[in-house]
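Below: the structure, in structure tokens.
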Amino acid sequence: MFEDARERMVEMQIRARGIEDAAVLDAMRSVPREAFLSERLREFAYEDSPLPIEEEQTISQPYIVALMAAALQLHRGDRVLEVGTGSGYAAAVLGRIVDSVYSIERHGALAEHAAERLGQLGFTNVAVRHGDGTMGWPEHAPYDAITVAAGGPTVPAALLDQLAIGGRLVIPVGEGRTTQQLQRITRVGPDDYRTELLGDVRFVPLVGAQGWGAPGVDGQPVEPSNWDGHAPGRPSSAGTVSRLIAEVAEPFQEIGGVDLGGLLERIANCRVVLIGEATHGTSEFYRMRAEITKALVETRGFDLVAIEGDWPDASRLNRWVRRVDDGRRVPEATFARFPTWMWRNRETMDFLAWLRHRNEKLEVDARAGFYGLDLYSLFTSIEAVLEYLDRIDPATASIARERYSCLTPWQAEPQAYGRAALSGQYRVCEKEAVAMLRTLLERRLDYAASDGEHFFDAVQNARLVADAERYYRAMYYGANESWNLRDRHMFETLEALLAFHGPESKAVVWEHNSHVGDARATEVGVRGQLNVGQLARETFGSEAFLIGFGTDTGTVAAAHDWDGPMQVMQVRPSLPDSYERLCHESGHAAFFLHLREPVREEVRGELRTPRLQRAIGVVYRPQTELQSHYYHASLPHQFDELIWFDGTRAIHPITAADTRELAGDHPLRLSIR
């Protein structure tokens, strides 16, 4: 069981990211990561993420362990010092590569547990000691390599002194306690060192005499003795923070008729408003998002609603709400693939009905549209491209069929294409998919002159095919590559929509919190993931406004497993040390919490300390909620506004009876077989 998962981890999470050091890859294959985890976490041993261990610490993401080991440029006879033993996993990996490893851990309990595990696994060449890692382990110096698994404000002089001539020190360094630059320092002479920057990282603070100061009573590191800035105040107790939230929050009673005046003032002249959701199945999130969007469309000139849904499915709804009948056939039910309830629900249907009614009295060019940003509809998009070319250029349609035929065998299961292409069992179809997109773009003047909007739709479908082909291959490289490709595609589609509709266009984006909240303020950003919210801030600056949602408990529509049946599940009460618990204990049932420029600046100061945050997607696993659905984030850096509902209910999927009541031309009328 674990052997296969370990091999996939090496191939997809490590080798696919460019690490080719054979000794490191062999070590990662041979060390059982599950042995360094508690029993309840072993099923997650080869996930592409850090995991919690004792003393509120974590076992590093496998890729980071491999990256650090490769950066050390190790040889069999090397003597290595590791600062920050943690679980002992990284020390074991190093022990597979070199002759001797000396590891220091400042938490006595961790040092004891790690030494015991390493002994049980037969690592006689790894020694563990409880002590201050910033001072090194001088009794065994000099070292050929030193690795530090925590970020310091500067490089500890003691570690430089204990480095052999020609030795390499790999350490995260940064003036802040949360983000650093990974540095490789090579000692080229008695007093001569060469430094290389290896990229941005985020590690826990390096605590010790030559790092950040000893932690205070609240567990937060204080500034080192040579710190010349202003030491931030320590975060207050949870009760104090909850009372502060209660004081500054803007409570409301009902979603219908809610006063959005304050929120609209804060949004001001933003061009892009991204509205999230903490689950993909909560009625309150959908209904409030719709109310905000209606206000933006009516009073602020927003004309694009872009969702975390597939382009061709949303395109059918777009033609319906904009009352544009172009005679195109609807070959299948709209949003028919898993998870059907995500957009085939009464809450979305009610908003679409409102938008269609609102558009009725406007000229076509002034009507607001409804668009999809996602890329899962590989073969539906191929059909859309072919249908467009059949009408406008049959000769090119024949070329398109030939090119896209490479992907045809995988129509029923596109994920299988990615697996077959990566394994070499089937050829990669990237060239054909990109060539078709290029052909469309080369003929843009001729095609667009005939019908610019239809041409734009065809180009977006062709772009989706090219990106989806890459996505289904990237799924087997590792989580970061596929996630980043998908979010880049969604953001580039958003940019294309804004460009097509002109400089005065404005967009509301509906996606999950995990796509909307700035990834740089979360632990997934540390692991190399970006998202739509981050890209929006980088592109639009203060003209992007990011709104997140949260809840404590209630019900949610979700499945237990991917492609499983939808169920209405009970959401567990939020965990201690989470933002959700702070909001719950404020005592308000529902409220707006402004974070960009709050009425009291201490709101940002108190909430910026990273805490747990819950994210439920289309799959919910209450029994492993901490591991499956919580991650660390810094709320005021992640969102500009938080909307809170203490108790929530599941969305209402469209039933067969609902579809029978819809008008004959409604895209959601077709039932799902």
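The values are calculated or read from the model by the stated rules, or taken from the named source; none is laboratory data. Only a predicted model underlies this, so the values are computations on that prediction, with no experimental measurement involved. Here Cβ is always computed from backbone atoms with ideal geometry, including for glycine, and neighbour counts include all displayed protein chains. Note: accessible area is taken over every heavy atom of the protein model, side chains too, but ligands, DNA and RNA are not part of it. Shrake-Rupley method; radii C 1.70, N 1.55, O 1.52, S 1.80 Å.
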| message | Can you compute the radius of gyration and Dmax for segment 59-187, using only the Cα atoms, both in Å? | response | 13.3, 39
| task | Specify, per residue and in Å³, the volume enclosed by the convex hull of the alpha carbon atoms belonging to segment 38-131. | result | 89 Å³
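Do the sum for the chain: with -39,500 (n - 2.57) for every DSSP H run of n ≥ 4, divided by all residues, what is the mean residue ellipticity at 222 nm, to the nearest 500 deg cm²/dmol?
Numbers: 26 runs with 260 residues, N = 673.
Taken over the chain, the calculation gives -11500 deg cm²/dmol.
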| Long-range tail of P(r) for the chain (Cα pairs > 40 Å, %) | 37 percent
| query | Among the lysines, which fall within straight-line cross-link reach of LYS294, defined as a Cα-Cα distance under 27 Å, with same-chain neighbours fewer than 8 residues apart omitted? | reply | LYS361, LYS506
| note | Out of GLN183, MET566, ILE104 - ranked by how far each Cα lies towards the positive end of the dipole of the chain, with unit charges on the beta-carbon of charged residues - the top one is MET566
| message | Out of the chymotrypsin sites (Phe, Trp or Tyr not before Pro) in segment 517-616, which ones are loop residues according to DSSP with at most 14 other C-beta atoms within 10 Å? | response | TRP562
| Bin by bin, in steps of 5 Å, what percent of the Cα pairs in segment 1-75 do you find, going until the bin that has the longest distance? | 3, 17, 29, 25, 16, 8, 3, 0
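If you build the convex hull over the alpha carbons only and average its shadow over all orientations, what do you get for segment 251-370? Give it in nm² to one decimal. Numbers along the way, then the final one.
Details: hull surface 33.0 nm².
For segment 251-370, the mean projected area of the Cα convex hull comes to 8.2 nm².
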| task | Determine the share of the chain's accessible area contributed by carbon and sulfur atoms, expressed in whole percent, with a 1.4 angstrom probe. | result | 49 percent
| message | So, for the chain, what is the accessible surface per residue at a probe of 1.4 Å, expressed in square angstrom? | response | 41 Å²
| field | Mean Cα-pair separation over length for the chain, i.e. relative contact order, pairs under 8 Å, 6 or more apart, % | value | 14 percent
| message | Looking at the chain only, what percent of DSSP beta bridges run antiparallel? Nearest 5 please. | response | 45 percent
| query | What is segment 334-387 by shape, rounded, prolate or oblate, if you read a ≥ b ≥ c off the alpha carbon gyration tensor as root eigenvalues and call it rounded for a/c under 1.5, prolate for a/b larger than b/c, and oblate otherwise? | reply | oblate
| request: Putting +1 on Lys and Arg Cβ atoms and -1 on Asp and Glu Cβ atoms, find which of SER628, THR648, PRO598 reaches farthest to the positive end of the dipole of segment 595-673. | output: SER628
| query | So what's segment 542-601 giving for Cα Rg divided by 2.2 N^0.38 Å, two decimals? | reply | 1.48
| query | Do any cysteines in the chain lack another Cys Cβ under 4.7 Å, and if so which? | reply | CYS270, CYS583
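What does the charge count near ASP350 come to, summing +1 for each Lys or Arg and -1 for each Asp or Glu among other residues with Cβ under 14 Å from its Cβ?
Details: positive: ARG287, ARG289, LYS294, ARG344, ARG346, ARG356, ARG358; negative: GLU284, GLU291, GLU347, ASP658, GLU661.
Neighbourhood net charge equals +2.
About its Cα centre, how strong a charge dipole does the chain have in debye, to the nearest 20, once Lys and Arg get +1 and Asp and Glu get -1 at the Cβ? Don't skip to the answer; put the middle values down first.
Details: 72 positive and 97 negative charges, 190 e Å.
For this selection, approximately 920 debye.
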| request: Give the share of C-alpha pairs in each 5 angstrom bin for segment 464-549, from 0 to the last occupied bin, in whole percents, shortest bins first. | output: 3, 14, 23, 24, 19, 11, 5, 1, 0
| task | Give me the Debye-computed log₁₀ of I(q)/I(0) at q = 0.11 Å⁻¹ for segment 496-636, equal point scatterers on Cα only, no solvent, two decimals. | result | -0.49
